[in-house]
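The values are calculated or read from the model by the stated rules, or taken from the named source; none is laboratory data. Just so we're clear, the structure is a prediction, and the values are computed from it rather than from any experiment. When we count neighbours, we look across all protein chains shown, and the Cβ atoms used for this are built from the backbone with ideal geometry, even at glycine. Each accessible area value is taken on the protein alone, full model and side chains, heavy atoms only, with ligands, DNA and RNA left out. Shrake-Rupley method; radii C 1.70, N 1.55, O 1.52, S 1.80 Å.
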Amino acid sequence: MIDHLLYFAFFQGLFLLVIYGVSYSKRQVINGYVLVLVAILMLGLVAKIGLHSWGWQRQLKGISEFSILLFGPTVYLFVESTLSDKRFSKSVLLHYVPGVVYSLVVTFYYILPPQEVIQARVLSGELFRVVHILVGFGLTVNIIYFVFSVLKFKELKNSLQSEVSYVLNLGFVRNFLIAIGGCLLTWLTVYLISFGHRSQIEIISREFIWLAVALIMLFIAYYQMVAPGVFQLLPISNKVKYAQSQFSKDDLDKLKLELEQIMEQKKPYLNARLLKSDLAELLSINAPELSRLLNERIGMNFFDYVNYHRIHEFIRLAKSPTGAQKTLVGLAQDAGFNSKSTFNKSFKEIMGCPPSEYLKKQTVT
């Protein structure tokens, strides 16, 4: 069963790499770190499959070790780039230096030496001790980077609550970190078991590490099917620092009327990836000035204001002649929502009850 799952995960990863490798347009918008992460997971899977199914020599299993110190840094950089407009720079390569050194050590100590040398190291117990140290070091580094990733997620989450374009990304990264945490917990458990010299239990428990790796690959493949936007680079926003707005109260009143006309006539909220800067541009003002307008004249932040209009659009669509032919989720997507959980939460906060209950009451009345 596990072997079948490993094969399935391997070919899912291969499929993703081929799609983005062949399509130039897809490569232009994809977050490159997701491809690096898939490639790293593939290293682990190909070594496992090669040993058991393709007749590889046991030493070639060491190829899977290449991914150990490359995994944690990639997870961290992926989280950061998914929740910000930060792009690749040469400085990020410093995160991979330990991984490269680690891979060279594995290559010269375990993969390249002849079988006689490896066998002698096994019999003396040297190989077990060295591998134990290397795995412990790799696990420690990955846990540290996982903690950094969680802290980065919390930091960016607080600053993105009002950016509707990042809502789906926040939900994905949260689930992604939970999956990574489960994988590391499994790995740590197996490592601790190995201290008890319970070889048979350790051998059996190692299968769960491969299972966790396969599940992370399938997790990525699943999101690629249902929400591919989370893997795309968001446009770089022009975060220019403006002086405090000099608009008078009359100016704000006029802007409020103009904003209401834009929302009614142009319906920019139907764009699921609408940014605060996009809406501000329609008003010919900057983002801080839009924030002031929303706070002082409407009493909402950008996120709540956009979702307010989306909810009323959802209600209008639900009451239309074609509304009964679609699911609530389908109608919510037509109204501009890109997340079912965000839709349900926002609807309940604004309308006071779940969408199904609200529509049932409307039917009765």
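Once the chain from Y7 to K340 is taken as fully extended at 0.36 nm per residue, the excess over their C-alpha distance is 116.7 nm.
Summarising the label geometry, the points placed 7 Å from Cα in the beta-carbon direction at L104 and L218 lie 3.9 nm from one another.
Once the C-beta distance of T327 and N175 is scaled by a Förster radius of 22 Å, the resulting FRET efficiency is 0.50 to the nearest 0.05. Applying 1/(1 + (r/R0)^6) with R0 = 51 Å to the Cβ-Cβ distance of T140 and L282 gives a FRET efficiency near 0.50.
Nearest 0.05, what FRET efficiency do L192 and I350 give at R0 = 51 Å with Cβ-Cβ as r?
So, using R0 = 51 Å, E works out to roughly 0.60.
By how many degrees, between 0 and 90 and to the nearest 10, does the Cα long axis of helix 340-351 differ from the longest principal axis of the chain? Roughly 30 degrees, rounded to the nearest 10. Labels on offer are (1) 85, 52, 41; (2) 62, 45, 36; (3) 82, 43, 40, and the one holding Cα extents along the principal axes in Å computed from this structure is (1). Counting only protein heavy atoms and a probe of 1.4 Å, the accessible surface of the chain is 62% carbon and sulfur.
Helical content alone sets the calculated 222 nm signal of the chain at -23000 deg cm²/dmol, taking -39,500 (n - 2.57) per DSSP H segment of four or more residues and averaging over every residue.
Across the options L37, F137, P228, the greatest Cα extent toward the positive end of the charge dipole of the chain (unit charges at beta carbon of Lys, Arg, Asp, Glu) belongs to P228.
A straight Cα-to-Cα reach below 21 Å connects K48 with the lysines K61, residues fewer than 8 places away in its own chain not being considered. Site pair D253 and R87 shows an inter-label distance of 4.5 nm when each label is modelled 7 Å from Cα along Cα→Cβ. Charged side chains reduced to their Cβ positions (Lys and Arg at +1, Asp and Glu at -1) give the chain a dipole of some 220 debye around its Cα centre. Between Q261 and I298, the simple label model (points 7 Å from Cα in the Cβ direction) yields a spacing of 1.6 nm.
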